[in-house]
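All remarks here apply to the structure that follows.
Computed from the coordinates by the stated procedures, all read-outs in this text should not be read as laboratory data. These figures come from a predicted structure and were not determined experimentally. Heads up, the Cβs are rebuilt from the backbone with ideal geometry, glycines too, and the neighbour counts pull from every protein chain shown.
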Amino acid sequence: MNAPALAPVRPVLRERGQREVFCGLTGIVWLHRKIQDAFFLVVGSRTCAHLLQSAAGVMIFAEPRFATAIIEEKDLAGLADVHEELDGVVARLLARRPDIRLLFLVGSCPSEVIKLDLDKAASRLDQRLRAGGVRVLAYSGSGIETTFTEGEDACLAALVPELPEAGSGRSPRLLVAGSLPDIVEDQFARLFADLGIAADFLPPRRAGALPAIGPGTLVLLAQPFLGGTAAALEGRGAKLLEAPFPFGARGTEAWLGVAARAFGVDPQRFAEVVAAPRARAERALARHRPLLEGRRISFLPDSQLEIPLARFLAEECGMVPVEVGTPYLHQRFHGPDLARLPSGVRLAEGQDVERQLDRVRADRPDLTVCGLGLANPLEAEGLATKWSIELVFSPVHGFDQAGDLAELFARPLVRRARLAALAPEPAP
Ligand code: SF4
């Protein structure tokens with residue numbers, strides 16, 4: 001259980017140009033599976049509906065827990081009608097889906113929606129529907145205000161004021177913030193229970209199971225993109241623990257170790273609890289390491305997972321990060337992982353997509369992690385790519401997912417090697 005070292009001061013290339021990244025609506029794709037009695041009603045345009053439909057296309061046969069209320073172009077004078085339309089959509093939705101206990105109105109960026117005060121609309125509907133057991137909250141997933149994973153941050157931050165107040169006499173509890181697939185959450189819950197730590201998770205699986213919070217709450221982030229949520233939790237008196245993120249064997253051990261120290265767990269007990277899952281993770285990683293070792297990798301800014309993943313790949317898989325770009329570099333959240341990155345890695349915050357692509361072309365890394373829209377052009381130029389969205393949608397946290405996480409990076413390298421083997425010999 002070594003304490004994370006202080007991050008050295010590193011130069012950071014700050015770019016403020018054109019961005020190529022999904023908007024915050026994308027978070028609905030994983031959030032709607034997590035809170036099982038919630039519904040996400042996007043107030044937006046046909047573009048928003050298409051984005052969700054294609055990003056969550058796999059849900060086509062299920063009864064989805066999201067939809068888009070399409071707001072057509074209206075002038076300001078027509079806004080009263082928009083509120084009426086919205087109320088009508090909500091009434092029809094709740095009549096059809098009586099299982100909904102938590103309704104999120106999600107803002108988007110078309111100008112007609114920007115004119116609407118969704119917070120006010122949510123509070124009006126909340127007052128009306130609360131007695132019937134339905135809470136209504138609002139947050140923005142607009143592409144103007146949020147990138148990709150920031151939608152989850154905005155959603156969880158909107159939930160924080162709803163968390164019940166923990167009584168002052170309550171013993172300290174851990175709150176793990178950030179949505180994790182249920183299987184991963186269950187694994188962590190078992191590990192915390194074995195360590196004797198009482199842990200809650202945000203978001204909960206059901207709207208009625210919101211964890212209580214107060215000055216005795218210690219918060220451990222499971223995702224690095226929750227700046228707004230962390231600030232809101234601190235505003236409720238909780239204390240934030242700073243730790244590397246739980247990727248791979250070492251990252252997960254360090255993350256659990258920060259919580260264990262904060263709760264005064266006996267180091268011997270900690271070592272006993274993590275020994276077996278850590279050994280399993282190391283065995284799983286060893287299978288992929290020969291393929292990954294020494295291979296150069298660049299990350300274009302997308303999900304804010306880039307720095308912790310680069311730490312995992314460098315420290316645990318022997319890869320060589322060339323450039324690690326992230327939409328935002330929060331020293332506070334990324335510091336423990338940054339401290340473990342090799343020196344010489346080029347760090348970039350923000351995006352100027354053309355310049356970044358030029359650097360990728362000049363660096364020619366073995367693998368580039370980027371958004372869907374940039375992957376095909378880079379592949380066409382002979383560069384192997386990994387879609388960053390897969391890293392957000394797949395179970396990748398914790399000891400038992402370490403091997404799968406390494407495999408996600410090994411697979412495109414194997415595919416490219418196979419394609420190269422099939423390519424005809426150049427003419428003499
Ligand atoms: S919120 Fe904005 S960026 Fe996102 S899909 Fe809708 S129109 Fe596009």
Problem - Distant-in-sequence amide H partners of A222 (H built 1.01 Å from N, under 5 Å) - result: A177, G178
Problem - Approximate spin-label separation A380-A67, in nm, with each point projected 7 Å along Cα-to-Cβ - result: 3.9 nm
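What Kirkwood hydrodynamic radius do you get for the stretch 24-146 when you take the inverse of the mean 1/r over all pairs of distinct Cα atoms, in Å? Don't skip to the answer; put the middle values down first.
Working: mean 1/r = 0.0688 Å⁻¹.
When all Cα pairs of the stretch 24-146 are included, the Kirkwood radius is 14.5 Å.
Using a simple charge model, +1 on the beta-carbon of Lys and Arg, -1 on the beta-carbon of Asp and Glu, nothing else, what dipole does the stretch 24-146 show about its Cα centre, in debye to the nearest 20? Display every interim value, and only then the final one.
On the way: 15 positive and 15 negative charges, 115 e Å.
Once rounded to the nearest 20, the dipole reads 560 debye.
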Completion exercise
Unit-weight point scatterers at every alpha-carbon of the stretch 159-302, Debye formula, q = 0.09, 0.11, 0.13 1/Å: log10 I(q)/I(0) is -0.32, -0.47, -0.63
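If you take the square roots of the eigenvalues of the alpha-carbon gyration tensor of the stretch 292-375 and sort them as a ≥ b ≥ c, do you get rounded (a/c under 1.5), prolate (a/b over b/c) or oblate? Write down the numbers at each step before the final one.
On the way: a/c = 1.78, a/b = 1.14, b/c = 1.56.
Oblate, since a/c reaches 1.5 and b/c is not below a/b.
With N set to the residue count of the stretch 255-412, report its C-alpha Rg divided by 2.2 N^0.38 Å to two decimal places.
Working: Rg = 16.5 Å, N = 158, 2.2 N^0.38 = 15.1 Å.
Working it through for the stretch 255-412, the quotient is 1.09.
Kindly state, to the nearest 0.05, the FRET efficiency for Q127 paired with A421, given R0 = 60 Å and r defined as their beta-carbon distance. Provide the component values of the computation, followed by the final result.
On the way: r = 65 Å, r/R0 = 1.09.
Result of the calculation: an efficiency of 0.40.
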Exercise for the section: Assuming 0.692 mPa s and 37 °C, estimate D for the chain with Stokes-Einstein, Rh taken as the Kirkwood radius over Cα pairs, in µm²/s. Expected result: 144 µm²/s
Exercise for the section: Using the Kyte-Doolittle scale, find the helices of the chain whose mean hydropathy is at least 0.0 and whose Cα atoms extend 30 Å or more along the helix's long axis, counting only whole DSSP H runs. Expected result: 402-422
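At a Förster distance of 35 Å, what's the computed FRET efficiency of D400 paired with L13, Cβ-Cβ distance as r, to 0.05?
0.45
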Problem - Exposure proxy ranking, count of Cβ atoms within 10 Å, fewest first, for H397, H32 - result: H32, H397
Exercise for the section: Would you mind getting me the FRET efficiency between I183 and E84? Use the beta-carbon distance for r and R0 = 45 Å, nearest 0.05. Expected result: 0.55
Practice task
Please list, in chain and number order, the residues 5+ apart from T385 or on another chain whose amide H is under 5 Å from its amide H, with Hs placed from the backbone.
Solution key: T368
Handout entry: Helix-derived mean residue ellipticity, 222 nm - over the chain, DSSP H n ≥ 4, -39500 (n - 2.57), to 500
Key = -14000 deg cm²/dmol
Exercise for the section: Could you check the simple spin-label distance between E293 and S168, using points 7 Å along Cα→Cβ, in nm with one decimal? Expected result: 5.9 nm
Exercise for the section: Please work out the C-alpha center-to-center distance from the stretch 91-167 to the stretch 249-290 and express it in whole Å. Expected result: 38 Å
